[in-house]
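Rule-based calculations on the coordinates, nothing more; no lab input. For clarity, every value in this text was computed on a predicted model and none was experimentally measured. A quick note on method: Cβ atoms are made from the backbone with ideal geometry, for glycine too, and the neighbour counts reach across all protein chains shown.
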Amino acid sequence: MGSGTDADPCCTELGRLIATLGFDLLTGAGGGVMEAVSRAFFETSPRSGIVIGVVPAMVTPLERLERRGGAQPITYAPPPGYPNAWVELAIYTHLPARGREGTLPSSRNHINVLSADAIVALPGQEGTDAEVWLATEYGVPILAYGAYGDRQGLGPHGIPLARSLDEVRAFLDRRGG
């Protein structure tokens, strides 16, 4: 989990680590952290996992699908740049909410969080904050990592903050994947 616009400096090392541990990588399929970690994961060889991306989209008019009828054509429109080039399995959704609206029922963040065995949260904006909060609410193991500044060992919403890649490795090893 992390920024959709900016890539934290530790994205490459994190993507490589997750690939070498034999896990699949699940992201929100966008740019920034999602793209940088996905690329590092994808380019790691050997690896046994795949890059999975959960894609948001606007379906217009959604009401026509809900009513199962009507003459209007349906438009399905993921945001520009989704999925990023490194996603090997895209899960296309009809869920448009993201960013500030990341905890709404219409957000793919619920799928991202509930589909993860463990989450490593890199710095991001409102969407990342929503995913961190959802993980704490759903009880999904989560760890912060990256350039969070001096937070005295805690990431957003009081989650543990890893200070090294070895701490991230230990966290993921305990989760077993």
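Across the stretch 115-121, coupling constants 3J(HN,Hα) worked out from phi with the 6.51/-1.76/1.60 Karplus curve, θ = phi - 60°, read 8, 8, 6, 7, 10, 10, 9 Hz, and Gly and Pro carry x.
Amide H to amide H, with H built 1.01 Å from N, ALA121 comes under 5 Å of LEU143, ALA144, TYR145, counting only residues 5 or more places away or on other chains. In terms of the mean number of neighbouring beta-carbon atoms within 10 Å, the peptides 99-112, 59-72, 25-38 order highest first as 25-38, 99-112, 59-72.
Helix 33-43 axis versus longest C-alpha principal axis of the chain: approximately 70°, rounded to the nearest ten.
Which order, highest average first, do 139-146, 14-21, 86-93 follow once you tally other Cβ atoms within 10 Å for each residue and take the mean per peptide?
Details: 139-146: 20.0, 14-21: 21.5, 86-93: 17.2.
Top to bottom by mean Cβ count within 10 Å: 14-21, 139-146, 86-93.
Compute the length gained on full extension between ASP166 and ASP117: take 0.36 nm times their separation in residues and subtract their Cα-Cα distance, giving the result in nm to one decimal. Intermediate values should be presented prior to the final figure.
Values: separation 49, 0.36 × 49 = 17.64 nm, distance 1.87 nm.
Computed gain between ASP166 and ASP117 is 15.8 nm.
Between 0 and 90 degrees, the angle of helix 11-20 with respect to the longest Cα principal axis of the chain falls at about 90 degrees. Amide H to amide H, with H built 1.01 Å from N, ILE50 comes under 5 Å of ASP24, LEU25, counting only residues 5 or more places away or on other chains.
In debye to the nearest 20, how big a dipole does the chain give about its Cα centre with +1 on each Lys and Arg Cβ and -1 on each Asp and Glu Cβ? Each step should come with its number before you reach the end.
Values: 14 positive and 19 negative charges, 76 e Å.
The dipole of the chain has a size of about 360 debye.
Within the shell of other residues whose beta carbon sits under 14 angstrom from the beta carbon of ALA71, the net charge comes to +2, with Lys and Arg scored +1 and Asp and Glu -1.
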